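The values are calculated or read from the model by the stated rules, or taken from the named source; none is laboratory data. Keep in mind that what you see is a predicted model, and the values were worked out from it rather than measured. Glycine gets a Cβ as well: all are built from the backbone with ideal geometry, and neighbour counts include every protein chain shown.
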Amino acid sequence: MEPGSRTTLASARRVIVKVGSALAIDQSSGTIRDSWLEMLARDIARLCVRGQDVVLVSSGAVAIGRHALGLGQRKLLKKDRQAAAAVGQMQLTRAHREIFARHRMTAAQVLLTLDDTTERRRMQNARATLTNLLTFRAIPVLNENDAIATSAASFGDNDHLAASVARLIGSDTLVLLSDVGGLYTADPHGDPDASLIKEVHEITPEIVRMAGGARSDYSAGGMVSKLAAARIAVASGCVTIIADGREAYPLSAIDAGKPCTWFHPSNAARVARKRRIGNTLRPNGVIVVDPAAAMQVRSGNSLCVGGVQSFDGDFSRGDAVIIRDVHGSEFARGLTIWSSAELRCVTRQHKEGARIASGLNRVVDRDDLAFTD
């Protein structure tokens with residue numbers, strides 16, 4: 001395993017979870033699989049308790065709507081697909097709202113088109129909305145706006161959407177839940193000798209040849225689209241996981257070591273990500289750290305709550321911040337795990353002697369730090 005690789009979700013800061021139609025929807029009836037979504041919601045709640053941001057990308061609107069409109073199993077015309085998406089999205093949104101509410105989480109529906117992640121002004125608006133929702137501890141539930149999207153301005157599948165959003169909001173982990181356990185050397189449904197590839201550090205032509213097309217009538221993608229999404233995500237420094245979503249509590253299964261496929265960014269991608277943090281992103285705040293914390297950060301460690309001496313600015317989760325020592329000299333920049341309002345509360349608790357769980361102790365993760373001196 002290469003340096004910097006990891007095989008657990010515990011150290012992730014911001015996780016994008018993509019769920020396909022075949023997992024969320026009963027294919028024979030077009031109904032939502034409430035019991036499965038309930039288990040996924042519990043998993044997401046557990047990650048949120050650990051202080052991690054979670055965004056859910058959920059397919060299934062078209063699959064629900066085609067049944068509701070009596071469109072059967074035939075290939076849908078564009079206008080019928082758009083109608084099915086409009087009908088199905090209503091039911092899908094209600095299910096997410098009700099299931100997350102049972103776990104005291106607020107779900108927020110956001111429908112995107114390709115232009116929202118490619119046109120500069122719309123990118124800025126989408127990023128601001130999503131990061132603000134995460135600051136409010138809401139769970140953004142994303143889907144493509146299939147009711148109005150045209151083929152020329154479409155993601156094509158939600159794997160692509162999830163990878164684009166991961167890049168847009170600076171996610172460090174993308175989880176693609178599938179009806180297969182990961183990337184295999186051949187189609188495991190047709191070849192009993194196919195073996196799971198657990199680690200991928202470069203998506204080579206040989207890796208691409210191992211992927212097959214979509215098997216489900218309800219799925220727009222397949223392993224090919226997942227590899228394409230992984231390529232987009234790892235290029236921006238984001239770890240990508242393809243895992244079996246049919247597992248009970250699939251995110252917990254990944255944390256427990258259930259075999260799946262991990263795609264790790266190259267060192268060049270990590271360097272490019274840190275360069276972007278250090279040189280490109282506009283900082284929205286300043287954090288002053290004590291000498292011990294400055295030494296720890298310079299040694300390659302994360303910035304923790306105890307090392308924060310003061311801070312200034314109005315910043316949201318995931319915003320870039322300047323890190324200065326007690327002499328006022330900037331030596332690093334990073335993406336903050338906390339908003340300024342949350343950091344104010346956490347630092348006050350720390351100074352009052354309250355115990356802060358280890359998972360909530362970080363202010364800026366070491367993978368989100370770039371030195372500037």
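What do you reckon, is Gln82 of a type in the set (S, T, N, Q), assigned by TED's automatic domain parsing to the domain that holds Asp159 and in contact with an Asp or Glu (Cβ under 8 Å, 6 or more places away or on another chain)? Answer is yes for this residue. Residue check: is Gly278 in contact with a helix residue (DSSP H, G or I) (Cβ under 7 Å, 6 or more places away or on another chain), surrounded by fewer than 20 Cβ atoms within 10 Å (Cβ to Cβ), at pLDDT below 95 and not in a strand (DSSP E or B)? It is false that Gly278 is in contact with a helix residue (DSSP H, G or I) (Cβ under 7 Å, 6 or more places away or on another chain), surrounded by fewer than 20 Cβ atoms within 10 Å (Cβ to Cβ), at pLDDT below 95 and not in a strand (DSSP E or B). Of all residues in the range 118-159, those being out of contact with any helix residue (DSSP H, G or I) (no Cβ under 6 Å at 6 or more places or on another chain), in a loop (DSSP other than H, G, I, E, B) and closer than 24 Å to Ala41 by Cα number 4.
Go through the range 69-117 and report how many residues are assigned to a helix (DSSP H, G or I) and within 20 Å of Leu37 (Cα to Cα). So that I can check it myself, show each step before the final result.
Step one: of the range 69-117, the residues assigned to a helix (DSSP H, G or I) are 78-101, 114-117.
Then keep just the ones that are within 20 Å of Leu37 (Cα to Cα); that gives 85, 87-101.
Residues that pass the stated criteria total 16.
Residue-by-condition table, conditions (1) surrounded by 23 or more Cβ atoms within 10 Å (Cβ to Cβ); (2) at pLDDT 90 or above; (3) in the same structural domain as Thr135 (by TED's automatic domain parsing):
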{"residue": "Val175", "(1), (2), (3)": "yes, yes, yes"}
{"residue": "Val208", "(1), (2), (3)": "no, no, yes"}
{"residue": "Ser219", "(1), (2), (3)": "no, no, yes"}
{"residue": "Lys226", "(1), (2), (3)": "yes, yes, yes"}
{"residue": "Lys258", "(1), (2), (3)": "no, yes, yes"}
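For the range 162-177, a residue qualifies if it is under 11 Å from the mean Cα position of the chain (by Cα) and of a type outside the set (Ser, Thr, Tyr), and the qualifying residues are Ala162, Ala163, Val165, Ala166, Arg167, Leu168, Ile169, Gly170, Asp172, Leu174, Val175, Leu176.
Look at Val49 and say whether it is modelled with pLDDT of 95 or more and more than 14 Å from Thr93 (Cβ to Cβ).
Numbers: modelled with pLDDT of 95 or more: no; more than 14 Å from Thr93 (Cβ to Cβ): yes.
So Val49 does not fit the description; no.
Residues in the range 136-161 that are within 15 Å of the chain's Cα centre (by Cα) and under 21 Å from His96 (Cα atoms): Arg137, Ala138, Ile139, Pro140, Val141, Leu142, Asn143, Asn158, Asp159, Leu161.
Just one of the numbered conditions (1) outside the structural domain of Ile197 (by TED's automatic domain parsing); (2) touching a Ser or Thr at 6+ places or on another chain (Cβ under 9 Å) is not true of Gly300: (2). In the set Asp146, Asp179, Asp193, Asp187, only one residue is modelled with pLDDT under 90 and crowded, with 21+ Cβ neighbours inside 10 Å; that residue is Asp146.
Among the residues of the range 21-62, those identified as more than 26 Å from Leu168 (Cβ to Cβ), among the small types (Gly, Ala, Ser) and in contact (Cβ under 8 Å) with a residue 12 or more places away in the chain are Ser29, Gly30.
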